[in-house]
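Read-outs throughout are calculated quantities, based only on the coordinates presented, and are distinct from any laboratory measurement. Remember, predicted model here, so these are calculated numbers, not experimental data. Reconstructed Cβ throughout: ideal geometry from the backbone, glycine too, with neighbour counts over all protein chains shown.
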Amino acid sequence: MDLEHGNATINAMSEAMNSAAASDPIIVRCTSEYLSHGCTYPSFTTSRSTFDDLSSTGNLKLIKNTVLRDKLVKHYAQHDLVKQRLQINMTWVSPVDGPFTVQNNIMAYEPSTAHLFPERSMGEKAGELRMNRLAYIANGAAHLWINLDAIAHLIQLREGTSALIIELESELGSRNSRN
């Protein structure tokens, strides 16, 4: 999962920043990996076309098992809540990222833009990162938090989807055996 990989880069960056024994190349590499993979925003998209079609046409009532039909409706409502939760988290972290980006010159360490900046020695880069380590760790902590929250909600949603599929297949199987 991309979020888990991002979290691993956050943890590696924090570990390197907090270690007096970490070499300059390790500090710079771990920070660069964090900026590439850990400093991102979770996203969630879902396909609702079949559910929306069933709902809008009244065909959802074809599922005679009202308990199962209610579970299906609640499940898609849960999709909306997860999407909204991820948006709220992104809205919370975005204002933190802007100032952090400018104040810490992170574009000089981000792999896709680093080439635009004047060449500096590994020692100079690592020294600047060490000097700003608490800002990097705080930013990483914010991203770790929203990633962990997203992972927990997405796992819960995936488990709910799997359980619902089993129930729907069972309902369809019992209906087909009655016909």
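Which residues, counting only those in region 61-88, are under 12 Å from L168 (Cβ atoms) and touching a residue at least 12 places away in the same chain (Cβ under 8 Å)?
Within region 61-88, I63, N65, L68, K71, L72, H75 meet the criteria.
Does region 16-45 hold any residues that are surrounded by 13 or more Cβ atoms within 10 Å (Cβ to Cβ), in contact (Cβ under 8 Å) with a residue 12 or more places away in the chain and more than 14 Å from Y109 (Cβ to Cβ), and which are they?
Correct list: T40, Y41, P42, F44.
Sort out which residues of region 32-63 are among the small types (G, A, S), assigned to a helix (DSSP H, G or I) and closer than 30 Å to R133 by Cα, and write them in order of number.
S32, S36, G38
Cβ-Cβ under 8 Å, sequence separation 6+ or interchain: first residue in region 132-144 and touching a residue at least 60 places away in the same chain (Cβ under 8 Å), partner among the β-branched types (V, I, T) and outside any helix (DSSP H, G or I). Which pairs?
As it stands, the answer is H143/T40, since those pairs meet every condition given.
Being over 20 Å from A163 (Cα atoms) and touching a Ser or Thr at 6+ places or on another chain (Cβ under 7 Å) is the requirement here; does G58 meet it?
Values: over 20 Å from A163 (Cα atoms): yes; touching a Ser or Thr at 6+ places or on another chain (Cβ under 7 Å): no.
No.
If I ask for residues that are more than 22 Å from L3 (Cβ to Cβ), assigned to a helix (DSSP H, G or I), out of contact with any helix residue (DSSP H, G or I) (no Cβ under 7 Å at 6 or more places or on another chain) and not acidic (D, E), which ones from region 64-86 would you list?
Answer for region 64-86, where residues must be more than 22 Å from L3 (Cβ to Cβ), assigned to a helix (DSSP H, G or I), out of contact with any helix residue (DSSP H, G or I) (no Cβ under 7 Å at 6 or more places or on another chain) and not acidic (D, E): T66, V67, V73, K74, A77.
I'd like the residue in region 94-129 that is among the small types (G, A, S) and in a loop (DSSP other than H, G, I, E, B) and, out of all such residues, is farthest from the chain's Cα centre (by Cα).
Looking at the filtered set, the residue picked out is S121.
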